[in-house]
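The structure under discussion appears below in the form of structure tokens.
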Amino acid sequence: MDVKDELNFYPLQVHSYYDFFESAMTPEEYAKGLMANGYSGGSLTDFLSFKGIAKYSNEFSKYNLNFVSGIEINLVEKEEFFTLLLYVQNEEGYRFILSLINSGKKVFNISDFNNITGVAAIIKSDNSNFFDKWSNSFSHFIASLASLFKMFYIGVEIYSEGEKEIAAEIRKNAKMHSIQTIAIPEIKYLSKSYFRRYCLLQAIKHKKLVDDYLNLPQCFFMLSKKALTKIYTEEEIKATSILASSCSFNIFSSRGDIYHFFKTNEESDNFLKEKVLTKLKEKKLSEEYYSRALYELDIISKMGFSDYFLIVEDYVKYAKTHDIKVGPGRGSAASSLVSFLLNITEIDPIKHELIFERFLNPSRVTMPDIDIDFEDTKRENIINYLKEKYGEDRVKQIITYSNFKSSSSLNALIEIRSDVRIEYVKRISNALKYSKDLKEALQYNKAIREISQDQFYLEIIKDAMLIEGFPNNTSKHASGVILNNEKLNDLVPTRDGIIEFEFADLEKMHFLKLDILGLSNLSFIRKIEDKILSHCKTLPLVDDEHLDDKLAFDVLSIGNTLGIFQLESSGMKDAIKKVNPNCFDDLVALIALYRPGPIDNISTYALNKKNPDQIKHYTKEIDDVLKSTNNIIIYQEQIMAIVKNYAGLSSSVADSFRKAIAKKDSEKMEKYKEIFYESAKEKGKDIKEIEEIYKLIEKFALYGFNKAHSVSYALISFKLLVYKTHFPLEFYECLLENGTLNFELGKALEDEFLKINKKIMGPRILFSGKELVEKDNVIYFPYSIIKGLDKNTINSLLEFNIDDKNLTKEKSIYSIFCYLLDNNVSENDMKKLIDAGVFSNFEENREVMRYNFSSLATCNMLEENNSFVFLEKEKNYIEDYIREYSTLGFVFNNPLKEYFYKNSDVFIILHCRNYNSTEFEALNNYGILNLYFSEKVELHNNVIIKVTGRRNKMRYFVDSYIEVKL
């Protein structure tokens, strides 16, 4: 047999693509490359990092490849720097290397390696002077270092003919000191065909042009066995296999252990049970509740999750007793009566027919998942509490990785390719709208396929495809926090309080995640409640027991859903019109139905509600389950209830049945279908009926929604509806404070107030204030919406009053100006007040105000017969429109506004944006966008034009136009 077939080689110097931009090889490419070359496995040696070992280990396992976890570190000895590669042989070795990673050091010395076990080491000899250092002191250093490890090697790397002589000298000196050499060719890309990808990544990392790297030697690719035997000795190649075979470490062994409240699980179980039973007595609940609670407690105890419930109850209680808003529930956790009784959730699962096994199924052993929403501005307070209570060494957040997407990979090329300009990239990006990635776009996207007919554009796309999907940055997981019984630094790599494994991998290691989410709508509710209380009004009780506010449902039915959680979109408003919701069940159903897939069932729901006599009925067992949803299946819990009631299966099996269909798992679907049929037959059901019911379940199970989640979020929506109904000014005031006034928001506000027979008006002197003010069915906006207005100006306006109500308008304006100027209001602010229409209740013609401004500003009005007069000026609605938009972000009262609403393709030209007169900034009711013309055009500022062409969000490509005279 050829020697190359007998030898087995393990690559021992490989960086993962989580060592950003240092590797041009994906986990899948690495694994497939090893298989193609007949190698049994490989390693990772990122610099001072284990970030990649979980993902790569998982990928290797798919191909039955052995994985060796390692790192690269810097070692210093007498001001000389060396590179050391360390490999995990067992759990002890993992923990030792982990201590180096988590130490925060960047450079180590020999004293850092005392009492080391379970680690193999290679010192790299890539320094060209390495073989010159075999002095007595250097020999002593190498000998001392080698003595610390049971397996120690000197690495040999050969990438050119010239390096063969250096390697021979290293081998000679290593042999003199009885140290084995080992082959460690570095792999940065799978083959030479991936060299360009590596150059692109290096250019991005170092912010240079890719051309600076394309002429580098192409030597860091995976070698075949035949190539290896020509470069390295047989012993050096075999040594890689010997080292790898000494490594039996598995990163996915059980590492996590939930924090224990007590020494034994039994104590935790008893403590939890005592809390639940006490609450049952306090609430004076029925036997049904006692029975359900004891059942849940039994499952929680058997699955070992009592401590988890106690932990969550603890930090939710902390929030509620420290003025931090907490959501009523989220996800399937609201299905648990124990959660409800512990005040973790605020949804009664029995009242809403929620099934516990949807949350925690004893036959489907997965970690429980109690997601909790907190007001987003105080989420960090909860994390800080956990750290203070349990210790920062036991509480860490979780890392997430962001990757190059299609657009970001294209944008990256602008900086590293001198021939790629931003407009080229924009042309490609604009055509990518509906494509998942660049590969898919090249195959199926007609616009991209047309663009790629040009070889230049095809090369840009191919370069972007090379780096698309590669990790390029890190951030914190949006909600995940790990709380563990043992110190986390001893178990996983961390940096700056963040675990460097993603949660999917941590879950395999049996770590339990606490889901602590920030929800801006809870902060919005806080603002509204504070505003209501500041006006000395009483807050209504809105909870799971008070869900029948008729006026609130009236507001919902007319589509006034601006600012209402889950209900704002135009599509949802259309659904609301169809359904005409008049009870909480309708609201829950709407939230569940308004999603891709089940959205088609909204019409059926609405029709059945309107015409109950025409509803299709099934068996009594099924009709009882579906009565709250007008006899259509909406929720996952309904599918489970049907399976239980009709076929007599347990809740646990019903949940597994539901999940198998929802995930389209054909093997499991067949298994549960057989169970369903047999069980239904045993209950005496007719085979045709069984088939009909199974098809019904199969149809709806694909789109069934988690009712527990829908109920929880519906309660947030309902609370906002109640506040909006009974405290509209406070609600809208907070909505304004939450965002910036623009045409979209302004139009939505205008439409909603019109539905309740009220008008909106911009700030007006004597009427407006700090907040929204209602007078004679007109809602006056506060002065604070005027952009960039000085606080002193606002205070002066608030304090102003005219004692003599019989003054002429000229004298009134004169009086106002004198007052404001005496209070040091700047001329710039005075102009803003005119443009915003603040004085329009005295003088509607703002052009007159602007024209007479210099006289007004000096309080030097023209006198005629001892009275003040204005120099007359014709109204200029176009100028008023532009200036009001610029000052307020919205136009309240201008004749042009209605014209623009009826003609969305009509614009006011603001100014030309380039020397070629082909690009203009323009304005209409929908905001400012850029008009692009194919050739030079002569257009003056403030001209109104009607255009035809095509548009996206910020641009309009004009095919033709005409000027409009109004």
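The values are calculated or read from the model by the stated rules, or taken from the named source; none is laboratory data. Note that the structure is predicted; figures quoted are calculated from it, not measured. With ideal geometry, Cβ positions are generated from the backbone for all residues, glycine too; neighbour counts draw on all protein chains shown. The accessibility values were calculated without ligands, DNA or RNA, using every heavy atom of the protein model including side chains. Shrake-Rupley method; radii C 1.70, N 1.55, O 1.52, S 1.80 Å.
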For 904, 144, write out the residues from largest to smallest accessible area, computed with a 1.4 angstrom probe and no ligands counted.
904, 144
Residue 294-residue 623 FRET efficiency (beta carbon distance; Förster radius 35 Å; 0.05 resolution)
0.70
Distance histogram for the range 435-566 (every C-alpha pair counted, 10 angstrom bins, percent rounded to whole numbers)
8, 20, 15, 19, 24, 12, 2, 0
By how many nm would the segment from residue 485 to residue 546 lengthen if fully extended, with 0.36 nm per residue of separation less the alpha-carbon distance?
17.9 nm
Probe of 1.4 angstrom, ligands and nucleic acids ignored: what's the accessible area per residue over the chain, in square angstrom?
46 Å²
First measure r as the distance between the Cβ atoms of residue 140 and residue 405, then evaluate 1/(1 + (r/R0)^6) with R0 = 51 Å and state the FRET efficiency to the nearest 0.05.
0.45
Which semi-axis lengths, in whole Å and largest first, follow from the square roots of five times the eigenvalues of the Cα gyration tensor of the range 406-468?
17, 12, 10
In the range 406-468, what percent of the accessible surface is made up of carbon and sulfur (1.4 Å probe, ligands and nucleic acids excluded)?
47 percent
Largest first and to the nearest Å, give the Cα extent of the range 740-893 along each principal axis.
49, 32, 28
Exceeding 24 Å between C-alpha atoms, which entries from my cross-link table qualify? They are 279/659; 426/573; 351/644.
279/659; 426/573
Compute, for residue 176, the solvent-accessible surface of its heavy atoms (probe 1.4 Å) with the complete set of protein chains present, and express it in square angstrom to the nearest 10.
130 Å²
Given backbone amide H placed at 1.01 Å from N, residues whose amide H is under 5 Å from that of residue 181, ignoring those fewer than 5 places away on the same chain, are 154
For the chain, what are Rg and Dmax over the alpha carbons, in angstrom?
35.7, 121
Among 341-350, 250-259, what's the highest-first ranking by average C-beta atoms within 10 angstrom per residue?
341-350, 250-259
Trypsin sites (Lys or Arg not before Pro), restricted to the range 28-129: which are DSSP loop and have at most 14 other Cβ atoms within 10 Å?
78, 105, 106
818, 536, 734, 583, ranked by accessible area, largest first (probe 1.4 Å):
536, 583, 818, 734
Residue-span extension gain [residue 795 to residue 952] - 0.36 nm each, minus C-alpha spacing:
52.3 nm
Note, ³J(HN,Hα) from phi for the range 302-311, Karplus 6.51, -1.76, 1.60, rounded to Hz, x at Gly and Pro:
4, 8, x, 10, 4, 4, 4, 5, 5, 5
Note: probe point = Cα of residue 177 + 7 Å toward Cβ; backbone nitrogen < 20 Å; residues of the range 142-159 passing the test are 142-158
On a 0 to 90° scale, report how tilted helix 234-245 is relative to the longest principal axis of the chain, with both axes built from alpha carbons and the result rounded to the nearest 10.
60 degrees
Restricting the count to DSSP beta bridges whose residues both fall in the chain, what percent are antiparallel, rounded to a multiple of 5?
60 percent
Using a basic spin-label model with each label point 7 Å from the Cα along Cα→Cβ, how many nm lie between residue 40 and residue 63?
1.6 nm
Long-range amide H partners of residue 41 with built H, under 5 Å:
66
Angle check, please: helix 520-534 long axis (alpha carbons) against the longest principal axis of the chain (alpha carbons), in degrees 0 to 90, nearest 10.
40 degrees
Packing-based order for 925-933, 706-714, using average beta carbon neighbours within 10 Å, highest first
706-714, 925-933
What residues qualify as long-range amide H neighbours of residue 49, i.e. H under 5 Å apart, gap of 5 or more or another chain, H built at 1.01 Å from N?
72
Let me know the Kirkwood hydrodynamic radius for the range 896-955, please, with Cα pairs as the basis and the value in Å to one decimal.
11.7 Å
In nm, the gap between the two label points placed 7 Å beyond Cα toward Cβ at residue 569 and residue 233 is 6.8 nm
Applying 1/(1 + (r/R0)^6) with R0 = 56 Å to the Cβ-Cβ distance of residue 898 and residue 415, what FRET efficiency is obtained, to the nearest 0.05?
0.75
Multiply the residue gap between residue 911 and residue 667 by 0.36 nm, knock off their C-alpha separation, and tell me the result in nm, one decimal place.
81.3 nm
Please work out how much accessible surface residue 322 shows to a 1.4 Å probe, ignoring ligands, DNA and RNA, in Å² rounded to 10.
100 Å²
Can you give me the three principal axis dimensions of the range 361-443 from its C-alpha atoms, in Å, biggest first?
57, 36, 25
For 317, 755, 644, give me the order by solvent-accessible area with a 1.4 Å probe, most accessible first, ignoring ligands, DNA and RNA.
317, 755, 644
Quick one: Karplus J couplings for the range 886-891, per residue in order, coefficients 6.51, -1.76, 1.60, θ = phi - 60°, nearest Hz, x for Gly and Pro?
4, 8, 10, x, 7, 10
Go through the range 265-270 residue by residue and turn each phi into a ³J(HN,Hα) via Karplus (6.51, -1.76, 1.60, θ = phi - 60°); whole Hz please, and just put x for glycine and proline.
4, 4, 5, 5, 4, 5
What aspartates and glutamates does residue 577 reach when the alpha-carbon gap must be under 18 Å and sequence neighbours fewer than 8 apart in one chain are set aside?
554, 568, 585, 586, 600, 751, 752
Answer rounded, prolate or oblate for the range 165-219, using the Cα gyration tensor with square roots of eigenvalues a ≥ b ≥ c: rounded when a/c is under 1.5, else prolate when a/b is larger than b/c, else oblate.
prolate
How much accessible surface does residue 330 have with a 1.4 Å probe, in Å² rounded to 10?
60 Å²
